Amino acid sequence: MRIGEKLVLGFGAVALIFLAVIWHDQRNLRAVLEQHRDLHALAAMRQEAAFAIERHLIALRDAEARFLAAREPAQAERVRREGAALLDWGARLAATDAPAGAAAARIRAALSDYLARFGEVEAGWRRRGLDHDSGLQGDFRASAHALEARLGQWVPALERELLQLRRREKDYLLRGEAGYAVMVERIAETLAQGLAAADLERGARSSLEQLLGDYLRDFRALLEQDRRIAVLREQMDQAAAAVTPLVETALAEARARLDETVRGIDAASAERARRSLYLALIATLVGTLLALVFTARLVRPVREMAGLLDRLTYENPHQRIPTRPGARDEIDAMACSLNALADHRATFAHWWRNAMAEAVALRDLQLAATPESEDTTRARLRRTIRERARRLRTVRARCMQQLERIRTLARAPVAASRAERRRERATLRHASESLATLLQLLDEPLPDPVHNEAERTTNGDERAS
């Protein structure tokens, strides 16, 4: 890979890591926002249901009080309407969550019981009479008027007792106290005794006694109905008293669950923030580690090349920089070029030292004065010649290596990309130039020891003459 590709890969990996961190943070943020949105929707629904239940409960009790005070049928209808609205809002409250559903079920059961009790109270009042002319009250009033008309006409002496009877009757109807009912019974008994003692015809007495009996019967029926209404009203009040605590308890539980949900969301948000912080720290460490790894992989060969260049300035090092065949890295190409430079320098240095040693040996051979020194010099000359031959074989091997590179490129198919073709041309150029450089070393012929010996003998004879 080229340096640019490595840099792109390294920075791309670091960027992907931080993008993953950002994506994780955004996902956590969306989750928190969804939770808060659901929480607000749930809180709004619960609050609306709570306010509606409280409002309709107050309106229901107000309609009940108005019905019991004035016995208006419209108020009874209002009670049923408000009760139906309460049942509906209870169903809405039950739809929010399971605990609210259980509380709403209890509220609906208590409310249904209350509405049933109110229906019985309403039926009792309708039987008693919602006004003076209906129900038991209408029958009682008709009996009282008939008794009053006949008694005042036939027995004027008992009119005083009749007025007291009607007065206590009205006191009872207005105040509802049982003492007035006892007075009515006592006065009715006095009237019965007065009728028995009065000078009346048999038919008139029987008619008045019948009217008084009807009056007492209707009064007692009215009194019994009042007692039954009182019992039913007490049961209705108990049912109503059971509804209000259930509503308050349900609202308190809803607020507690809302607070608990808020605390849970806050705790989850804090945990997500902590995990995001840890993930950001890990991503930073991983990104730093990747940057260090990529930097080390880029800087290490450059440092090695700098060291090799420094040694090439003052010495002839044998160390070479490791390279990968076929690599497309610019640093690897620089390393190959530097290795070639070091090889050429070492070749020329060895060639030069060998040539100098050969020249010195030839000079010493020409100047040898004794046979012993001549033999020594000749042996040294042979060693330099063998070393030169070995160097030539090395040069030949390197020439063959470059020729093999050229053959390989010649056999390879034409590259499709422009970069590959440019790289192949550069490789071919480097191989040809290296081959030309190596072939320059072969221009100088090998020394001939026989020719050098004949020349040395001729020079010796000339000096002797």
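Observations on the structure shown:
- Filtered by the rule that a residue be within 30 Å of Asp131 (Cα to Cα) and surrounded by fewer than 14 Cβ atoms within 10 Å (Cβ to Cβ), region 37-71 gives Ile58, Ala65, Ala69, Ala70.
- Looking across region 306-318, just one residue is part of a helix (DSSP H, G or I), surrounded by 12 or more Cβ atoms within 10 Å (Cβ to Cβ) and either at pLDDT below 80 or in contact with a strand residue (DSSP E or B) (Cβ under 6 Å, 6 or more places away or on another chain) (or both), and that is Leu312.
- Any hit, region 11-29, residues being under 24 Å from Pro99 (Cβ atoms), within 30 Å of the chain's Cα centre (by Cα) and modelled with pLDDT under 80: no
- Filtering region 319-330 for residues that are among the aliphatic types (A, V, I, L, M) and surrounded by 14 or more Cβ atoms within 10 Å (Cβ to Cβ) leaves a non-empty set.
Table: residues versus (1) assigned by TED's automatic domain parsing to the domain that holds Glu48; (2) of a type in the set (S, T, N, Q).
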| position | (1), (2) |
| --- | --- |
| Val262 | yes, no |
| Glu271 | yes, no |
| Arg274 | yes, no |
| Leu290 | no, no |
| Arg297 | no, no |
| Leu309 | no, no |
| Asn316 | no, yes |
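- Among (1) outside the structural domain of Arg92 (by TED's automatic domain parsing); (2) assigned to a helix (DSSP H, G or I); (3) crowded, with 16+ Cβ neighbours inside 10 Å - the single one Leu200 does not satisfy: (2)
The values are calculated or read from the model by the stated rules, or taken from the named source; none is laboratory data. Here the structure is a predicted model, which means the values were calculated and not measured. Every residue, glycine among them, receives a Cβ derived from its backbone with ideal geometry; neighbour counts consider all protein chains shown.
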